[in-house]
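Below: one structure, written as structure tokens.
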Amino acid sequence: MGRSLAFLIPFVSLIAGAVSALQGAETVWSGLVIAENVAQPQPIPPELTRIEGSLKKFFGYNQFQVIGQSQKTLKTGQEDWLATSKFFGLHVDSQGESAAGYVLSLKLYKEKELLLETDAKLSKRSPLVIKGPQVGSGQLLLVLVIQ
Amino acid sequence: MKTFEEKWTAWLDGQLSGRELSEFEASLPDKAAAEAEKAGARKLGALLKRELGVSALTNEEFFSHQLRERMMKESRVPSAEREAKASTWWTIPRLLWTGTASLAVFLIFTIFVIRDKNPAEESQYLTQILNARVDPVVSPNATVSMFEVKQDRVTVLWTEGLQSLPADYAAK
């Protein structure tokens, strides 16, 4: 018992160290979301659960559907990626990592047309929501979350 | 003046001689029995000598036994010392205590580091929008504004006046 505990403690310490080292690599979820008001709203996608209250409060819609998404694990903090739907494309260019998060350059395209461009410092604990154009009776939203 | 017993003992030991010997032997009531007793005493003496020799041997054995025991004790002492040297300070309980103490120290330092770090990070707690612009050709009347919802830790970039699109654009 004592001997196994003596092995267990360093083992747990090593695992904890490895886990904390792995925490360096983080995943950014980028989504193109259509917000609408419907009679029978679908359940909110799991990626948006933590900001469901804010989305409903600020945009006034009861349904949020993901029409395009990308999940990118950042290792160097210098990666770029694209989240696309049939007509829209969100290009994200990560330009570096700081203690607070990542500096991102975002471009929203409608097919090949640039609609919106912004630079943001995405915090690891604070999602970013961008209100896009009106689409039909709904609204296009761009959501970025560090998972 | 020697008593009879003294003279008898001396006669048995063959220490009487001359006139004293002849006077004593003449005084004996049964000389043959006395000679037989003398012979018996000599045998006894020889036997005792032998026995004493055996006794001396026993002592030898006893001493050698004692010596052997002592040597074994002496040979045991270094091995005990060797065992003492082989066993380290790192016994299992001490190892456990050291591990626990190390973890406690690590946690304490971690808490202090996190406490020190938090105030600096407070200003960068929320996502910050550094700049934003819309294409003035596509959406000439568009405006952008930004706000942070500290309660929900959400940063919102709010655009107004972007070109509206048909519902088909909501396709996946």
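One table, with the values for the structure above:
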| item | result |
| --- | --- |
| Qualifying position, being more than 26 Å from B:A142 (Cβ to Cβ), in contact with an Asp or Glu (Cβ under 7 Å, 6 or more places away or on another chain) and within 12 Å of chain B (Cβ to nearest Cβ), among A:G101, A:G31, A:G53, A:G77 | A:G53 |
| Condition broken by A:Q139, with the remaining ones in (1) farther than 14 Å from A:F64 by Cα; (2) in a strand (DSSP E or B) satisfied | (1) |
| Any pair with Cβ under 7 angstrom, 6 or more apart, that starts in region B:130-142 at a residue that is more than 7 Å from chain A (Cβ to nearest Cβ) and outside any strand (DSSP E or B) and ends at one that is exposed (fewer than 15 other Cβ atoms within 10 Å of the Cβ) and charged (D, E, K, R) | B:A142/B:E160 |
| Given (1) under 15 Å from the mean Cα position of the chain (by Cα); (2) more than 7 Å from every other protein chain (Cβ to nearest Cβ); (3) in a strand (DSSP E or B), number of the condition A:I67 does not satisfy | (2) |
| First in region A:72-88 and within 21 Å of B:A171 (Cα to Cα), second anywhere and among the aliphatic types (A, V, I, L, M) and not in a strand (DSSP E or B), Cβ under 7 Å, 6 or more apart | A:S85/B:A171; A:K86/B:A171; A:F87/B:A171 |
| Looking only at region B:161-172, and only at residues there that are of a type outside the set (A, V, I, L, M, F, W, C) and out of contact with any Lys or Arg (no Cβ under 8 Å at 6 or more places or on another chain), the one that is nearest to the other protein chains (Cβ to nearest Cβ) | B:S164 |
| Subset of region A:95-128 [crowded, with 22+ Cβ neighbours inside 10 Å and not in a strand (DSSP E or B)] | A:S126, A:P127 |
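No value in this document is a laboratory result; all are computed from the given coordinates. On a predicted model such as this, the values are computed, not experimentally measured, just so you know. All Cβ positions, even for glycine, are placed from backbone atoms using ideal geometry, and neighbour counts span all protein chains on display.
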